[in-house]
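Comments concern the structure below.
We did not get these values from a lab; they are worked out from the coordinates using the rules stated. Note that the structure is predicted; figures quoted are calculated from it, not measured. Note that each Cβ is placed from the backbone with ideal geometry, even for glycine, and that neighbours are counted across all protein chains shown.
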Amino acid sequence: MRRMKRSGTRPELALRSALHGLGLRFVVDRAPPGTDRRRRVDILLRGARIALFVDGCFWHSCPMHGQLPRANRTWWRLKLRGVVLRDRDTDAQLTAAGWLVVRVWEHEDPAEAAERVRGLVALRTTRPAS
């Protein structure tokens with residue numbers, strides 16, 4: 001587990017490249033202002049207040065691809081359940097602080113995910129005229 005990259009994974013780099021190609025600017029691996037400093041966001045679009053996570057299928061228990069290892073199943077079941085619970089708690093903290101949480105699975109097409117995020121940015125930055 002120590003060898004697992006925290007930031008800059010291949011799916012994350014692909015999504016960041018797609019977002020950048022759409023003209024979106026962001027910061028990476030940051031804790032949003034007003035939240036627990038230990039909870040870091042993969043991609044943070046500060047202007048639109050969007051917190052974007054790129055979740056790995058194994059570690060975050062993807063319903064399509066997540067599988068438990070055969071060895072130490074009980075330990076892994078508890079470990080992965082803890083990761084999912086921490087994800088939900090992080091989502092709640094960010095939402096309470098006014099951030100929109102977006103989670104993208106590592107198996108999703110980065111271009112499609114980037115387009116989805118661009119639409120959300122457009123919705124969150126468009127302000128009605130007074």
Condition first: part of a strand (DSSP E or B), within 19 Å of L45 (Cβ to Cβ) and touching a helix residue (DSSP H, G or I) at 6+ places or on another chain (Cβ under 8 Å). Can you find one or more residues in the stretch 116-126 that meet it? no
State all residues of the stretch 92-130 that are in contact with a strand residue (DSSP E or B) (Cβ under 8 Å, 6 or more places away or on another chain) and free of Cβ contacts under 8 Å to residues at least 12 places away in the same chain; if no residue qualifies, say none. T95
Looking across the stretch 4-42 at residues that are of a type in the set (A, V, I, L, M) and under 17 Å from H107 (Cβ atoms), the single one that is nearest to the chain's Cα centre (by Cα) is L15
Restricting the search to the stretch 64-82, which residues are in contact with a strand residue (DSSP E or B) (Cβ under 9 Å, 6 or more places away or on another chain) and either under 24 Å from R49 (Cβ atoms) or free of Cβ contacts under 8 Å to residues at least 40 places away in the same chain (or both)? none
